1. Are any residues in region 175-200 among the acidic types (D, E) and not in a strand (DSSP E or B), and if so, which ones?
2. Identify, please: which residue in region 132-180 is aliphatic (A, V, I, L, M) and over 22 Å from the mean Cα position of the chain (by Cα) and is, among those, surrounded by the fewest Cβ atoms within 10 Å (Cβ to Cβ)?
3. Can you confirm whether L401 is open to solvent by 50 Å² or more (accessible area, probe 1.4 Å) and modelled with pLDDT of 95 or more?
4. Just one of (1) open to solvent by less than 40 Å² (accessible area, probe 1.4 Å); (2) part of a strand (DSSP E or B); (3) closer than 27 Å to I82 by Cβ trips up H467, so point out which.
5. With respect to T237, is the statement that it is open to solvent by less than 50 Å² (accessible area, probe 1.4 Å), more than 30 Å from S40 (Cα to Cα), modelled with pLDDT of 95 or more and under 22 Å from the mean Cα position of the chain (by Cα) true?
6. Which one is nearest to M59 (Cα to Cα), of the residues in region 114-135 that are touching an Asp or Glu at 6+ places or on another chain (Cβ under 7 Å) and in a strand (DSSP E or B)?
7. With the checklist (1) more than 16 Å from F511 (Cβ to Cβ); (2) surrounded by fewer than 16 Cβ atoms within 10 Å (Cβ to Cβ) in hand, flag the one item A30 doesn't pass.
8. Looking at region 136-156, can you tell me whether even one residue there is out of contact with any strand residue (DSSP E or B) (no Cβ under 8 Å at 6 or more places or on another chain), more than 20 Å from L449 (Cα to Cα), not in a strand (DSSP E or B) and not aliphatic (A, V, I, L, M)?
Amino acid sequence: MITLNRFFILSALLTASAASASEGADSMSAVIGRLNCAQSQMWQMTPQAFVNPAMKQWMLPVSVSAIEASYDRSRLNQSVDIQQGEGSDAWKAGAESYMKYRTSTLWGAASYSGGHEFNPVWNESSDLGLIYPYVVADSIGGNIKSETYSLGGGYADHTDRWAWGATISYVAGLHYRNVDPRPRNVTGRLDISAGGAWLIPATDYRLGASVGYMRYKQSADIEFVNDLADNRIWHLTGLGTNYDRFSSQGYSHSYQGHRLSATLGVHPQSGRGLSVTGAVERFTFDHILTSLNNMPLQSATETIWRLEAAWLQPGERHDLAATASVMTGSRQGTENIFGDAAAGIYPQIGSLTMYRHAMTQASLRLLWQYRPTKSLMVALTPRALFSRSRQSYADPRRLMLLSDLTAGLEASARRNFGPNWNLRASLSADFTSPLDCNLDLSIDPSAPLGMQLAEIRRYDILSKAHHRIEATMSATRAISRRYALMLSASYARRDYSQSIHSNDFSTSLSFIF
């Protein structure tokens with residue numbers, strides 16, 4: 001409540017002083033004007049439309065580039081999902097740019113980050129969100145050191161009738177620990193997409209389509225230096241189960257997968273009117289035990305459908321927008337069955353689909369932006385999200401159903417002070433209430449107790465109400481008409497049941513041009 005009061009007091013002060021600085025608006029630095037345009041939330045209301053690189057040239061009407069150094073830290077007093085640990089921290093340095101030249105638009109980004117993942121247990125694999133449920137695990141865990149490198153860019157152009165664009169990016173990661181157990185995971189992800197758009201005659205709308213391809217690989221090794229340590233590993237199969245036959249085998253393993261995607265939609269190139277985009281993507285991967293003659297132990301297939309519809313109504317002083325989106329998808333996991341080894345090779349004799357995950361999300365987001373003067377903007381963004389996740393395992397029968405409704409609100413204000421200063425503040429809160437939840441997970445005495453209790457604990461926490469509050473502030477100082485420095489900081493707190501909470505902090509320094 002104290003934080004809310006401070007925010008509204010700050011907004012009132014900004015509004016009260018708007019008139020006194022309006023005379024400086026006409027002489028504001030060009031970089032501040034471009035920053036004000038980029039800080040508008042209108043272009044953020046249609047993220048799915050800009051997945052098509054041909055459409056991305058209408059994301060912003062101005063060029064904005066930044067070189068940034070940042071530090072982020074998120075720490076839980078207790079883990080919610082022990083496979084994801086108790087938070088992370090990372091130092092990051094990078095640059096990104098969105099540039100317009102005549103009819104062309106170019107964008108690009110490059111960055112390096114290094115940090116830690118705090119104490120994940122029952123998971124020695126990386127990129128859990130991509131390769132679940134087939135992680136390699138042990139009961140010890142510990143902090144993981146991480147380094148990530150990313151590079152990417154894109155290009156788009158258009159004529160009066162046609163538009164086209166393409167983008168490519170690559171992200172590489174190194175994740176390791178220097179004490180037993182010692183995983184060393186090297187990840188690589190390549191994303192490529194291309195698209196086109198056609199101007200519908202006598203309208204402002206572009207009809208566009210795009211296709212995308214993602215290639216993913218993770219090479220992983222686990223090493224135990226201490227021969228007296230508990231060096232057993234398990235190949236998890238979901239909801240507290242594991243492929244027991246190959247436990248303590250396959251210390252060297254890999255994940256190889258690819259994703260195909262496509263989008264189709266219409267979007268107003270002026271940013272005013274109805275925007276509708278549909279997308280589909282299909283991701284498949286194999287989990288391979290390289291130390292056992294590249295034996296394909298498990299595989300998974302995921303299909304996701306997305307639909308986004310938005311109404312955009314920018315104005316001279318008032319901007320209005322509403323976005324509704326729906327996502328539905330499913331992931332199926334298959335375990336391969338092998339006969340007795342001959343000459344070190346296990347012949348595959350069958351396969352069973354044992355794991356299934358059905359997911360649905362539906363969201364509604366509204367936006368109101370008000371600019372009483374060129375120097376001041378305030379915004380309110382109410383939002384709601386319904387989420388449903390149903391995971392099941394065939395034998396032994398397991399089921400975890402989680403569904404909830406989240407309601408949230410973000411209030412923000414941006415204010416120019418003279419021609420060279422820009423301040424921005426925002427406060428947001430999200431409250432999540434459980435709906436239909438169910439857990440059917442009987443303890444299997446033949447499997448490790450810890451991996452089963454991890455699933456029960458995750459359900460006990462996420463099936464109860466929780467909330468998150470975040471405050472952000474930034475200050476920008478123009479050092480010329482073209483260049484500026486921006487200092488930003490944010491703090492967020494998440495509270496769960498059982499007195500579990502997290503404190504998230506981030507800060508950054510940016511050179512904007």
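The values are calculated or read from the model by the stated rules, or taken from the named source; none is laboratory data. Quick caveat: nothing in here was measured; it's all calculated off a predicted structure. With ideal geometry, Cβ positions are generated from the backbone for all residues, glycine too; neighbour counts draw on all protein chains shown. Just the protein is used for accessible areas: all its heavy atoms, side chains included, with ligands, DNA and RNA removed. Shrake-Rupley method; radii C 1.70, N 1.55, O 1.52, S 1.80 Å.
1. D180, the sole residue that qualifies.
2. Among those that are aliphatic (A, V, I, L, M) and over 22 Å from the mean Cα position of the chain (by Cα), it is V179.
3. Criteria not met by L401.
4. Of (1) open to solvent by less than 40 Å² (accessible area, probe 1.4 Å); (2) part of a strand (DSSP E or B); (3) closer than 27 Å to I82 by Cβ, only one is false for H467: (1).
5. no
6. Among residues in region 114-135 that are touching an Asp or Glu at 6+ places or on another chain (Cβ under 7 Å) and in a strand (DSSP E or B), the one nearest to M59 (Cα to Cα) is G114.
7. Going through the list (1) more than 16 Å from F511 (Cβ to Cβ); (2) surrounded by fewer than 16 Cβ atoms within 10 Å (Cβ to Cβ), A30 breaks only (1).
8. no
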